[in-house]
Amino acid sequence: MTEKREYRMEELARLAGISVRTLRFYRERKLLPPPRREGRIAWYDDHHLARLRTVAALLERGHTLNGIAELADAFDHGRDVGDLLGMGEPTEETPVRLTPQELAERFEGEVTPENLAAAMELGYVGTDGDRIVHISNRLLDVSSALVREGIPLAEVLDAGRRVREHADALAGLFADLVLRHAPDPDLHRLRPLARSVVEAELSLALDRRIRPAGGAGGGDGAGDRPGTRDDA
């Protein structure tokens, strides 16, 4: 087991590449969690060092100290990984651990305290020490892809909230169906069937949404098909 390292203020500042004065300023701005006190001596650890390096990286990317402070506050008061995962990790989803800097890079300019709080409320993200844990690698990839397409993260999260409601209803419908006709152990075995039904229906629904838009004004209209032209 790795021994936990602790640092006096001067050593922490040196390792972080900043002055003691800057370190004190960051602490006053609540960019750092409080140190461990032993009498008059303040002891810092690797979590504080990681936070300082994250602050430096975010400043280099153009974030303001006020924005970083708000993000740090949301981060320090968010749900921890135990609350996020509940009884265990998701059956089919892979959680992802990121630093605040890595999360900011995934959603350039969109990782605000409000968006982070909304993601925590949804159960998408939690904290594990100085790491942020996203519940699903697939959802993380899709969310960041949508933001790269120009969709604001706040609207992506709002859509996720509404999709969650429908997904819970669909899961309840399938569970009730299976449990009426099969023993409880079969619910897990039949889970892929439920997912296939939902994926197929969603694909068909997208077809119904897309086809009218794609066909409008195209070259396949009735006036262009044989037998429909008025030759008189």
TODO: Name the shape class, rounded, prolate or oblate, that the alpha-carbon gyration tensor gives for the stretch 58-167, where a ≥ b ≥ c are the square roots of its eigenvalues, rounded holds for a/c under 1.5, and otherwise prolate holds if a/b is larger than b/c and oblate otherwise.
DONE: oblate
- [ ] Rounded to the nearest 0.05, what FRET efficiency do Glu105 and Ala167 give with R0 = 35 Å and r taken as the Cβ-Cβ distance? Could you check?
- [x] 0.80
- [ ] Please give the FRET efficiency for Thr91 paired with Glu11, using the beta carbon to beta carbon distance and R0 = 45 Å, rounded to the nearest 0.05.
- [x] 0.50
- [ ] Report the full-extension gain for the segment Lys4 to Ala56: residue separation times 0.36 nm, less the Cα-Cα distance, to one decimal in nm.
- [x] 16.4 nm
Task: Fully extended contour minus Cα-Cα distance, from Leu98 to Arg148, at 0.36 nm per residue - done: 16.1 nm
- [ ] Quick one: order Ser136, Ser19 by neighbouring beta-carbon count within 10 Å, fewest to most.
- [x] Ser19, Ser136
TODO: Would you mind calculating the gained length between Thr64 and Leu190 on full extension (0.36 nm times residue separation, minus the Cα-Cα distance), in nm to one decimal?
DONE: 40.3 nm
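Roughly how many debye, to the nearest 20, is the charge dipole of the stretch 160-209 about its Cα centre, given +1 on each Lys and Arg Cβ, -1 on each Asp and Glu Cβ, and no other charges? Write out the running numbers ahead of the final one.
Values: 9 positive and 8 negative charges, 41 e Å.
The dipole of the stretch 160-209 has a size of about 200 debye.
Could you order the peptides 118-128, 20-30 from most to least packed, using the average number of other C-beta atoms within 10 Å per residue? Spell out each step's value before the answer.
Numbers: 118-128: 19.1, 20-30: 14.4.
Peptide ranking by packing, descending: 118-128, 20-30.
No lab work stands behind these numbers, since they all come straight from the coordinates. Quick caveat, the model's predicted, so the values are computed rather than measured. Note that each Cβ is placed from the backbone with ideal geometry, even for glycine, and that neighbours are counted across all protein chains shown.
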